[in-house]
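Here's the structure, in structure tokens; my notes come after.
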Amino acid sequence: MAQDAAQGVTGRGFGRPPGAIPGWVGYALLPLLNLIAALALSGLVILVIGENPLDVLALLVTEAVGYPEAIGYTLYYTTSYIFTGLAVAVAFHCGLFNIGGEGQAYLGGLGAGLVGLALTGWPWPVAALGAVALSALFGAAWGAVPGWLQARRGSHIVITTIMFNFIAAAIMTYLLVDVLIRPGSQSPETREFDPGVWLPTMDRALGWVGVAIPASPLNLSFLWALACCALFYLFLWRTRWGYEIRTVGRNERAAVYAGISPARNIILAMAISGALAGFVGVNEIMGVQHRILLNFTGGVGFVGIAVALMGRNHPVGIILAALLFGVLAQGGGQVSFEYPTVNRELVMVIQGLVILFAGALENLFKPRVEALFRRRSEGRGGGHDGGAAHG
């Protein structure tokens, strides 16, 4: 029994059975169909308000990837979405729905910001390593507590992570209003960090090797996000700990039968999830804002849910889905200047439709697509059988 469960988790051993759907259908074709449906419905909304959907879409794409500066801004948004998408995906693989990425990113930013405040006069590589470590620690702690409550007390992970988002917001408000606020300021934010500890922007870093690109908020945390994708894959599919997390997510009873502790792996998965979400603070606080301030996350924790769903909880898919939402965030903001009727709220509607089709309606086209591939597979099989019988 445990061996059968392990066989299902690893996905190896017997190959794809006859008539089974190819893996790329679930990982690529279905998300693409969901995206097309979301964009088509968004086009109808834009048409209703009196604008040409094709013109709006063309402008959105141009303002997101049409010139180097726009690409920098798009990848800057993509960076935070990668972190939160990976955070949600780790929890999903353990059978958990972590919607507390916003609070975990908030606390991660606090950790990164405390490093920036404390290491005045230090070189930026030391500050960057410290920010990565402390943002991971703060985010992991904020994620592990709901994990512990789920594993040891039976508290539902959705409820606890929602509540921890509000608690994180309350803690940050208190700290920035009464404790860490810049002396003499009325704005709830800390003093600016020493410029020497700022995380270098990508244009500055590439300038060191003689490559000139326009200035943008894109910074070295983008490279760390890509590294986290590689580490995510190696951890989940190439280590014993990742195997145990996936086994618990697939079949908790089989995991217990195999000697795997569900409680330990639930806490571990939530801690890792919180650490990944915490890295948003490295991008935002150390790379862009250079101070701790309220609401710097801007909803990236919730967008990470859609990124993980659309990316099918795989790092390659998460990168592509995060890039899509980065395009919407950057291009959508610029479209509103050209088309006043297409305001930020309408862009949020488009994002919501993508989330709707990637999440609640992710299986909308699945029965028809599977039936199509099954008929094609049976047709090919029937032809071979007929040929063999005829021979």
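The values are calculated or read from the model by the stated rules, or taken from the named source; none is laboratory data. All of these numbers come straight from a predicted model, not from anything done at the bench. Neighbour counts are summed over all protein chains in view; Cβ atoms, including those assigned to glycine, are modelled from backbone coordinates with ideal geometry. Surface accessibility is based on the protein's heavy atoms, side chains included, excluding ligands, DNA and RNA. Shrake-Rupley method; radii C 1.70, N 1.55, O 1.52, S 1.80 Å.
Couplings 3J(HN,Hα) of the range 63-79, computed from phi: 6, 9, 9, x, 8, x, 5, 5, 4, x, 5, 4, 5, 5, 5, 4, 4 Hz, in residue order, whole Hz [Karplus 6.51 cos²θ - 1.76 cosθ + 1.60, θ = phi - 60°; x for Gly and Pro].
Surface composition of the chain: carbon and sulfur atoms hold 65% of the protein heavy-atom accessible area at a 1.4 Å probe.
Between the amide H of Asn219 and those of Met202, distances stay under 5 Å, these residues lying 5 or more places away or on another chain, with hydrogens modeled in the peptide plane.
Rounded, prolate or oblate: which fits the range 238-367 when a ≥ b ≥ c are the square roots of the eigenvalues of the alpha-carbon gyration tensor, with rounded for a/c under 1.5 and prolate only if a/b beats b/c? Since a/c reaches 1.5 but b/c is at least a/b, the shape of the range 238-367 is classed as oblate. Each label point was placed 7 Å from the Cα along the Cα-to-Cβ direction; for Thr341 and Arg375 their separation is 4.0 nm. Per residue, the chain exposes 47 Å² of accessible surface when a 1.4 Å probe is rolled over the protein heavy atoms with every protein chain present. Considering only Gly121, Ile285, Met270, the residue lying farthest towards the positive end of the dipole of the chain is Met270, judged by Cα position with unit charges set on Cβ. Note on Arg368 and Ala227: the model spin-label points, each 7 Å out from Cα along the C-beta direction, lie 4.5 nm apart. Taking 0.36 nm per residue of separation and subtracting the current Cα-Cα distance, fully stretching the chain between Ala58 and Met348 would add 102.6 nm. When only alpha carbons are used to place a centre, the range 293-349 and the range 22-60 end up 14 Å from one another.
Cut-off 19 Å, label point 7 angstrom out along Cα-to-Cβ of Arg204: give me the residues of the range 100-129 whose amide nitrogen falls inside. Backbone N within reach: 112-129. At an R0 of 30 angstrom, the distance between the Cβ atoms of Thr239 and Ala263 translates into a FRET efficiency of 0.95. Quick check on the chain: helices-only [θ] at 222 nm, where DSSP H runs of length 4 and up contribute -39,500 (n - 2.57) each and the sum goes over total residues. Nearest 500, please. The per-residue figure over the chain is -22500 deg cm²/dmol.
Specify the residue with the greatest mean-square fluctuation among Thr78, Thr120, Thr297, computed from a Gaussian network of the chain linking alpha-carbon atoms under 10 Å apart. With Cα springs under 10 Å in the chain, the top fluctuation among Thr78, Thr120, Thr297 is at Thr120. Summarising the amide proton neighbourhood of Glu189: residues at separation of 5 or more, or on other chains, whose placed amide H is nearer than 5 Å comprise Arg182. The phi torsions of the range 51-59, fed into the Karplus equation with coefficients 6.51, -1.76 and 1.60 and a -60° offset, translate into couplings of 10, 7, x, 5, 5, 5, 5, 4, 5 Hz, rounded to whole numbers, with Gly and Pro shown as x. Among the chymotrypsin sites (Phe, Trp or Tyr not before Pro) in the range 155-211, those placed in a DSSP loop whose Cβ has at most 10 other Cβ atoms within 10 Å are Trp208. Which of Thr247, Val327, Gly210 sits closest to the plus end of the dipole of the range 209-341, meaning its Cα is farthest towards the positive end, when Lys and Arg get +1 and Asp and Glu get -1 on the C-beta? Value computed over the given set: Thr247.
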